[in-house]
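Below you'll find the structure, written out as structure tokens, and then a few comments.
The values are calculated or read from the model by the stated rules, or taken from the named source; none is laboratory data. None of these values were measured; they are calculated from a predicted model. Positions of Cβ are generated from backbone atoms using ideal geometry, with glycine treated the same way; all protein chains shown enter the neighbour counts.
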Amino acid sequence: MLPTPQLVVMGKRPALGAVKTRLARGIGTVAAARFYRRTSLELLARVAVDPRWQTVLALTPDRAVHDEGVWPRAVPRIAQGLGDLGARMGRLMRDLPPGPVVIIGSDIPDISRGHIAEAFTALGNADAVFGPSEDGGYWLVGLRRRPRIVDIFGSVRWSSEYALADTLRNVEAAGLSVARLQTLRDIDTGEDYARWRQER
């Protein structure tokens, strides 16, 4: 029997001032936290019910796994652990049970089940898959994790226009093949938010 594909949704406790801090500078702390919580819950409602993969919610701070009344009870929760984003994603890639793993953020409103299915399909032929974002980062990363698990997240300039390029450099150095998905927009600024609202 083939291992179950695993989708990891990276999330934060939706506390005022702790989420979407760049966005908060443009639309205010309360509105940014509301956007984050709504977007996260809508995303989980879309992707966590799909039987083609097992969805896990990886939370920070670690004690957020015990929060009640915030996240859907049906979605298993695990702690992200310590370190920067790369250390936390690398740990998830190493520690989860066998099978392909796809990691996404919880605050990208345009992610669909189709995107996730496309990512897992891509991992049938490629070692790694990325969903680029317009700002030079990425909204999705996945690894086939066989025949070996490679750490691709070291020395990446997170929260910068170089995040994807730095990660791809690590992937290339490890000799892994890569697939790319559609480019999506992260809602990080007041201008991003206004454009997203207008398009909706």
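Worth pointing out:
- Within region 138-157, the presence of at least one residue that is in a strand (DSSP E or B) and free of Cβ contacts under 8 Å to residues at least 40 places away in the same chain is confirmed.
- The single condition among (1) within 25 Å of residue 98 (Cα to Cα); (2) modelled with pLDDT under 95; (3) touching a Ser or Thr at 6+ places or on another chain (Cβ under 8 Å) that residue 48 does not satisfy is (2).
- Any hit, region 155-168, residues being modelled with pLDDT of 90 or more, in contact with a Pro (Cβ under 8 Å, 6 or more places away or on another chain) and either buried (at least 20 other Cβ atoms within 10 Å of the Cβ) or closer than 21 Å to residue 90 by Cβ (or both): yes
- The sole residue among 34, 52 that is of a type in the set (D, E, K, R) and farther than 21 Å from residue 143 by Cβ is 34.
- Residue, nearest to the chain's Cα centre (by Cα), within region 97-151, restricted to residues that are surrounded by fewer than 19 Cβ atoms within 10 Å (Cβ to Cβ) and polar (S, T, N, Q): 112
- The set of residues from region 181-200 being of a type outside the set (Ser, Thr, Tyr) and assigned to a helix (DSSP H, G or I) comprises 190, 191, 192, 194, 195, 196, 197, 198, 199.
- Some residue of region 49-60 being touching a residue at least 40 places away in the same chain (Cβ under 8 Å), among the basic types (Lys, Arg) and either over 25 Å from residue 93 (Cα atoms) or in contact with a Phe, Trp or Tyr (Cβ under 6 Å, 6 or more places away or on another chain) (or both): no
- Which numbered condition residue 170 misses (of (1) out of contact with any helix residue (DSSP H, G or I) (no Cβ under 9 Å at 6 or more places or on another chain); (2) within 28 Å of residue 42 (Cβ to Cβ)): (2)
- Residue that is farthest from residue 196 (Cα to Cα), among those in region 11-24 that are in contact (Cβ under 8 Å) with a residue 24 or more places away in the chain and part of a helix (DSSP H, G or I): 22
- Residues of region 129-173 satisfying the condition of being small (Gly, Ala, Ser) and over 25 Å from residue 187 (Cβ atoms): 154, 155, 173
- Filtered by the rule that a residue be surrounded by fewer than 13 Cβ atoms within 10 Å (Cβ to Cβ) and of a type in the set (S, T, N, Q), region 17-52 gives a lone residue, 21.
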